[in-house]
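Input: a single structure, listed below in structure tokens.
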Amino acid sequence: MRRFPSVAFVSFLLTLAIADAATAVRAGFAERDISPTIGMREAHAIARHVFKTHVDPCKVRAAVFDDGLARVALVSLDALIIPREVVLRARTGIARATGLAPGSVLIAATHSHSSGPIGIVTLAQFERAPRDIQRLAYEESSLADPAYLATVEREIVEAVRLAHTRLAPVSLGFGFGEEHKVAFNRRQRMKNGRTWSHAGAMNPDIAGYAAPVDPQVGVVGAWNADGQLVGVIVNFACHATTNPGGISANWPGAMERTIQGALRTTAPVLFLAGPSGDVTQVDNLSPYERPTPTRWLEQVGGCVGAEAVKVLLTMPRTDGATLAARGKTWRIARRVPSPQRVAHAREIVAAGKSAAGAALTEWTFARETLLLDHIVTVEPDVEVEVQAVQVGPAVFLSSPAEYFVEFGLEQKRRSAFPFTFPVSCANGSVGYVPTEEAFGPGGGGYETRLTFYSNLEITAGRQFAEAGLALAAQLRPDPAPDHPRIAAPGTPWPHGKVDPQIR
């Protein structure tokens, strides 16, 4: 009797055939301005610290890819965070405007500390809180401006819509560079066995860095049929905290200017921040004076941008790419402050806020304890999302956290993709997510403190890492592009094979 292959086997062969025959890919890029106005509050500062100058624009940049079978979008915005509710509403608007499935859209903040009032506190979170808690939330915290949130949401949708209208055949390149001079782990292991964040320049009690950095500069480039660069994506792990003293995209803006200037292009450059919850431009083991904020901004952005330029100029290209997106959404419990800690915090806050020093630090953490004590009664656990978005041989693995760099390094080691780009501060905001070791006896630093902003159970980082890797494992990476090989050995150049002459 003649035997026929099973339906499952035929389906498997078809899947391989589709994957192997990488279809021509189209891409579109766009940007929109989301700069706050003079007089608005800074995102990272206390409520009464407002912008007085404009240094450079804050933008939302979008890239849309279409392979004829699937479409995905990557969005980067110059913002401290991206609130979960803004992500969900923007995705709904994007679906309505373009037909893109919400789960195929990744939206990430660059974590610029010199950007607009997008959080951390929102009015709705404390609308039913006691008045003393409302005062701490609305007058003493980093408060979102509802009108600005609406602007950001609208411009995210518009940027993706514009990028979608610009879909056209492209060649894509993927590559890695390395930049070792501008990013440092800000957590130091002290001689007393503890870990401190920013222990002070050349503090003699520092034993060394508490954790590594990730020097890789991940780059994706897109060129149109005429060979013109139409868009760039850069992934690098370093806090955007150069803070030039006014409205600014921070160093990622300087990075874009470096790339555009070197390549004589206006192509948008999307910056997707790698896990850098413990990595900044500050080297606490350096004996040299720190640059001015403006010079620091140009140094970090210029060095990362210059490395990206080298990668763009040398990367092989491909006209085809498989596109796919997978996601997982679940809830993670918050850590709850003890009644004793809450009672002590009330005493500290009631005594009044000091102007500076250790007393101000104690007051600030007491405020955070009281805000957290309220929010756990409203929302004891938090919705989180992890995404894996494939563009050919590259996968973008998201986390909603200021994620510690070791998790990103691990994801890169364990991923089957030739190009793995961990993306932090994406699709929501859950604050710092350190390693479990950072909470142990030798741990410490403000990233590990229990606050309104950072409070997930200590296994959250491991959950994010494993979820991202599991999603990536569901996808089949395209082979990495390679430069065309020489078809046959060449013949010697006549002028090159002559004998030497003395006279």
| task | Return the calculated 222 nm mean residue ellipticity for the chain, to the nearest 500 deg cm²/dmol, obtained by summing -39500 (n - 2.57) across DSSP H runs with n ≥ 4 and dividing by the residue count. | result | -10000 deg cm²/dmol
| Which lysines have a Cα lying under 29 Å from the Cα of Lys191, excluding residues fewer than 8 positions away in the same chain? | Lys181
| message | Let me spell out the model: positive unit charges on the Cβ of Lys and Arg, negative unit charges on the Cβ of Asp and Glu, origin at the Cα centre of the stretch 229-319. What dipole size does that give, in debye rounded to 20? | response | 240 debye
| said: If I stretch the segment between Glu383 and His49 completely, what's the gain in nm (0.36 nm per residue apart, minus their alpha carbon distance), one decimal? | reply: 117.2 nm
| task | State the extension gain, in nm to one decimal, for the chain segment bounded by Arg476 and Lys191, taking 0.36 nm per residue of separation less the distance between their alpha-carbons. | result | 97.9 nm
| message | For Glu179, Glu307, which order do you get if you count the other beta carbons within 10 Å of each Cβ and list the fewest first? | response | Glu179, Glu307
| note | Given (1) 27.9; (2) 23.1; (3) 34.4 as possible values of mean projected area of the Cα convex hull in nm², the one from the coordinates is (3)
| remark: For the chain, longest principal axis from Cα atoms; helix 405-414 axis from its Cα atoms; angle between them, nearest 10 degrees, is 30 degrees
| Neighbour-count order for Tyr453, Tyr288, fewest beta carbons within 10 angstrom listed first | Tyr288, Tyr453
| On Cα atoms only, tilt of 293-314 relative to the major axis of the chain in degrees | 20 degrees
| task | Provide Leu285, Leu100 in ascending order of the number of other Cβ atoms located within 10 Å of each residue's Cβ, fewest first. | result | Leu285, Leu100
| What spacing in nm lies between the two simple spin-label points modelled at Tyr288 and His180, each 7 Å away from Cα in the Cβ direction? | 1.5 nm
| remark: Classified through the alpha carbon gyration tensor (a ≥ b ≥ c as square roots of its eigenvalues; rounded if a/c is under 1.5, else prolate when a/b is larger than b/c, else oblate), the stretch 123-227 comes out oblate
| query | Given a cut-off of under 8 Å on Cα pairs at least six residues apart, what relative contact order in percent is computed for the chain? | reply | 17 percent
| field | Whichever aspartates and glutamates have a C-alpha closer than 17 Å to that of Lys353, once near sequence neighbours (fewer than 8 apart) are set aside | value | Asp132, Glu139, Glu140, Glu362, Glu368
| Net lengthening on full extension, Asp226/Val498 (0.36 nm per residue, minus Cα-Cα) | 93.8 nm
| task | Could you tell me which of rounded, prolate or oblate describes the stretch 376-447, using a ≥ b ≥ c as the square roots of the eigenvalues of the alpha-carbon gyration tensor, with rounded for a/c under 1.5 and, failing that, prolate when a/b is larger than b/c and oblate otherwise? | result | oblate
| remark: Rounded to the nearest 10 degrees, the helix 146-165 long axis (Cα) sits at an angle to the longest Cα principal axis of the chain of 10 degrees
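None of the figures in this text is laboratory data; all of them are computed from the coordinates on show. This structure is a prediction, so every number in the text was calculated from the model and none was measured. Virtual Cβ from ideal backbone geometry, glycine too; neighbours counted across all protein chains shown.
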